[in-house]
């Protein structure tokens, strides 16, 4: 009886743990309209959607701390003019940033900041759509090295790279 109880407790505990590896999850295309523009973004299936912000996939509850988070922001105006300006806008603290991708694109910028210990990855992308700029940030933080690190980094970059005018 004790063995059965222990197995049940372990099964319940294991089931309540949040999935953190979305690196191979199928992505679905979301069409969003805000501030007079319509655009699409590809989001991994099962990623929690923010209940209050229609442009974010994030859940503030502690059990979701280590899943990917996606934030889309729309700003009037122009793209960052220089790589340095894009890096300053992307990094929380420039002195701690480790940019592993810095790309100027015809419609904007693509940057990725990844900690050397493979614990944090943050992909950023700016896309000019009409007179607005859509900024995408896709990030994941782990207690230790992120699961499937290279695939997770590629997935986060692909999410932001998927932002397109509709």
Looking for something more than 19 Å from residue 65 (Cβ to Cβ), free of Cβ contacts under 8 Å to residues at least 12 places away in the same chain and touching a strand residue (DSSP E or B) at 6+ places or on another chain (Cβ under 8 Å) - is there at least one such residue anywhere in region 104-121? no
If residue 118 satisfies all but one of (1) part of a loop (DSSP other than H, G, I, E, B); (2) at negative phi; (3) surrounded by fewer than 19 Cβ atoms within 10 Å (Cβ to Cβ); (4) in contact with a helix residue (DSSP H, G or I) (Cβ under 8 Å, 6 or more places away or on another chain), what's the number of the condition it fails? (2)
When residue 151 is run through (1) surrounded by 14 or more Cβ atoms within 10 Å (Cβ to Cβ); (2) out of contact with any strand residue (DSSP E or B) (no Cβ under 8 Å at 6 or more places or on another chain); (3) assigned to a strand (DSSP E or B), the failure sits at (3)
Count - residues of region 59-93 that are in contact with a helix residue (DSSP H, G or I) (Cβ under 9 Å, 6 or more places away or on another chain) and at pLDDT below 90: 1
For region 39-57, check the following and say yes or no: at least one residue is within 13 Å of the chain's Cα centre (by Cα), over 30 Å from residue 129 (Cβ atoms), modelled with pLDDT under 95 and surrounded by 11 or more Cβ atoms within 10 Å (Cβ to Cβ). no
When you look at residue 136, is it under 17 Å from residue 22 (Cβ atoms), in contact with a strand residue (DSSP E or B) (Cβ under 7 Å, 6 or more places away or on another chain) and part of a strand (DSSP E or B), yes or no? yes
Is at least one residue of region 74-97 farther than 15 Å from residue 159 by Cα and touching a residue at least 60 places away in the same chain (Cβ under 8 Å)? yes
Is at least one residue of region 72-81 surrounded by 17 or more Cβ atoms within 10 Å (Cβ to Cβ) and closer than 21 Å to residue 21 by Cβ? no
Could you please find all residues in region 58-71 being surrounded by 19 or more Cβ atoms within 10 Å (Cβ to Cβ) and assigned to a strand (DSSP E or B)? 69, 70
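The values are calculated or read from the model by the stated rules, or taken from the named source; none is laboratory data. A quick note: this is a predicted structure, and the numbers were derived from the prediction, not measured. Neighbour counts are summed over all protein chains in view; Cβ atoms, including those assigned to glycine, are modelled from backbone coordinates with ideal geometry.
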